[in-house]
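Some notes on the structure that comes next.
The values are calculated or read from the model by the stated rules, or taken from the named source; none is laboratory data. Because the structure is predicted, anything quoted here is derived from the model rather than measured. Cβ placement follows ideal geometry from the backbone for every residue including glycine, while neighbour counts extend to all protein chains displayed.
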Amino acid sequence: MLWRSKQVTSPAQLEAIPASRWVNQPLPDVQIMTQQGQGVSLSEFKGKPMVLMDWASWCQHCQKAMPIMSKLYQTYHDDITFIFLNATGSAQGKETRDRAANYRQQLPYEIPIYYDQQMAAANQLQVTAVPTYFFLDKKGVVKYVTTADMTENELESQILNLLPQQNKDS
């Protein structure tokens, strides 16, 4: 797995992101693991819009984004489901559950971390770089995918795009 950063994901760049094949499609129902070691499937989270961030603690771009994402989680977790999917068990062996948990403790806000054991979800979702962000509507349809290095305003804008219009003005 690589890390990649672009300031803006143009349509041409989006086509180069394998996971972008899911845009305007339902995200596959992949299995992930909770912090407590229980298996769950993404379909269990349907009903609310979702932000799924595939990340790793060793990734510099993830390290830059996680404090922002933890802040956005604190603001929007009542209206949006956040899945912080840790790339555990990659072939390179860089990431472990312990490393991810230790990194999580350094964040300004507590966030729910899920684990992708043996990279099964990443493979099914065609994630080839971290961070990769998936923004899904409440029906589980992917509205946007990016591997871009996004600012807080850009991330929040994508989150607000998932919410009904009346929530955007409050």
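Residues are listed down the side, and each one gets a yes or a no for (1) farther than 20 Å from residue 65 by Cα; (2) surrounded by fewer than 20 Cβ atoms within 10 Å (Cβ to Cβ); (3) not basic (Lys, Arg):
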site	(1), (2), (3)
85	no, no, yes
108	no, yes, yes
119	yes, yes, yes
130	no, no, yes
133	no, no, yes
136	no, no, yes
142	yes, no, yes
Going through segment 97-119 in order, the residues found to be farther than 18 Å from residue 63 by Cβ and more than 15 Å from the chain's Cα centre (by Cα) are 117, 118
Residue check for residue 149: modelled with pLDDT under 95 and either hydrophobic (A, V, I, L, M, F, W, C) or crowded, with 16+ Cβ neighbours inside 10 Å (or both) | yes
Could you identify the single residue in 38, 60 that is farther than 18 Å from residue 153 by Cβ, more than 12 Å from the chain's Cα centre (by Cα) and at pLDDT 95 or above?
-> 38
Collect the residues in segment 75-89 that are under 10 Å from the mean Cα position of the chain (by Cα) and aromatic (Phe, Trp, Tyr), keeping them in residue-number order.
-> 82, 84
If a residue has to be under 12 Å from residue 86 (Cβ atoms) and of a type in the set (D, E, K, R) to count, how many in segment 44-59 make the cut?
-> 1
Spot the failing condition for residue 96; the list is (1) at pLDDT below 90; (2) under 16 Å from residue 113 (Cα atoms); (3) β-branched (Val, Ile, Thr); (4) surrounded by 20 or more Cβ atoms within 10 Å (Cβ to Cβ), and only one is missed.
-> (4)
